[in-house]
Amino acid sequence: MTRSDSPIWSSQSLWVAQPHLDGYTLTPDWQRHLHYILDSHSTLRDLVLYRVMLPETATGAELFHELKKHPQLPGVMVQRALGVSLISRNRFYEHITSFRYSMDVFWQRPLSVMCAFFHGEVLTLPIETPVGVAAQKALQRSPQNLYEPVLVQDEEQIFLLDVDQLLLAHAHIHEITVDTLRLTEAKHRALLQAIPDWIFRLNREGTFLYGQGDPASWLRVPPDQGLGLKLEDVLPEPVVGVVRQAMELALSLEEQQIMEVGVESQVLEIRVVHCGLEQVVMMIREVTARYRAEAYRLLLQQSTASSPWE
């Protein structure tokens, strides 16, 4: 993966970018491989990490040649007596070219002099940080530090992470997550459409947010036309009070509530379950035939028990 003279550190669990002409983009094969292994559970350990450590006695000229030799590096780390400092590629060229006499000040002097000018915030994250969390923290930095590399810390060493690669990985994972959610939603929608019962979703105030099912004589409006209406506008009066009580219990206890209610000549089984965000899902099923069969069975048992022939 890397040449023996390369200062880029690598292991089986850390991927290293190969040199590329534009200096920041991975070669197509590595980019495809990186995207292949990423998923919603990926952490910084799964991204491209660099390790280039220079002593603080190294000069600005040595740093320049190191960056020129490895154009994919987002920067280098400087080993100092008080810890590790970061000099990014962008910040280095900015100071070398933007200030008068910068070349004379930094070129032949040790990097400790340059580090004194780079006293901005440095974001350091554990290597097991999820990619999404790391991207959020990186974007929360001040504008002048927004595109600075991120230091990644494991149990023994520190690595550099290019923020561009972090954001690309985050965008890829977001795309994967969205596709997964769409597929899951399509499966759930197909399952719901296959259920012959009436299904509703309501908020705590009893406002209908979703409705599915065929029109019924005991419904005041069809299920798919109840969006934004209240319980009293959709359900018959005998059912409203029972449903409100079941909703309160489902929201407070987070347990499914089951009840049976007689409406007109029908018996309805109503199930209410908490679904988060102060909302409930209500499923209504007609159980008239089952109710009559159970009543007939009980009547036969009573008749048999009182028979004079026993």
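The values are calculated or read from the model by the stated rules, or taken from the named source; none is laboratory data. Since this is a predicted model, take the numbers as computed values, not measurements. When we count neighbours, we look across all protein chains shown, and the Cβ atoms used for this are built from the backbone with ideal geometry, even at glycine.
For region 298-306, the criterion of being among the β-branched types (Val, Ile, Thr) and crowded, with 16+ Cβ neighbours inside 10 Å is met by none of the residues. Contact map, region 286-299: residues that are of a type in the set (Ser, Thr, Tyr) paired with residues that are modelled with pLDDT of 80 or more, Cβ distance under 6 Å, separation 6+ or inter-chain. Pairs shown: 288/266; 288/267; 291/267.
If the condition is being touching a helix residue (DSSP H, G or I) at 6+ places or on another chain (Cβ under 7 Å), of a type outside the set (Val, Ile, Thr) and either under 13 Å from residue 282 (Cβ atoms) or at pLDDT below 90 (or both), then region 224-243 contributes 226, 231, 235.
Scanning region 258-304 for residues that are in contact with a Ser or Thr (Cβ under 8 Å, 6 or more places away or on another chain) and of a type outside the set (Val, Ile, Thr) gives 264, 265, 266. In region 53-101, the residue that is modelled with the lowest pLDDT out of those that are among the hydrophobic types (A, V, I, L, M, F, W, C) and assigned to a helix (DSSP H, G or I) is 96.
Where strands (runs of 3 or more DSSP E) sit wholly within region 112-178, those with at least 3 residues that are touching a residue at least 12 places away in the same chain (Cβ under 8 Å) and within 23 Å of the chain's Cα centre (by Cα) occupy 124-126, 150-153.
Only a single item in (1) in contact with a His (Cβ under 8 Å, 6 or more places away or on another chain); (2) more than 16 Å from residue 75 (Cα to Cα) is not met by residue 114, and it is number (2).
In region 38-46 there is at least one residue that is assigned by TED's automatic domain parsing to the domain that holds residue 170, at pLDDT 85 or above and loosely packed, with under 14 Cβ neighbours inside 10 Å. Of note, residue 132 does not satisfy the criterion of being closer than 30 Å to residue 230 by Cβ and not charged (D, E, K, R). Of the candidates 255, 269, 278, 264, the single residue that is acidic (Asp, Glu) and within 12 Å of residue 203 (Cα to Cα) is 278.
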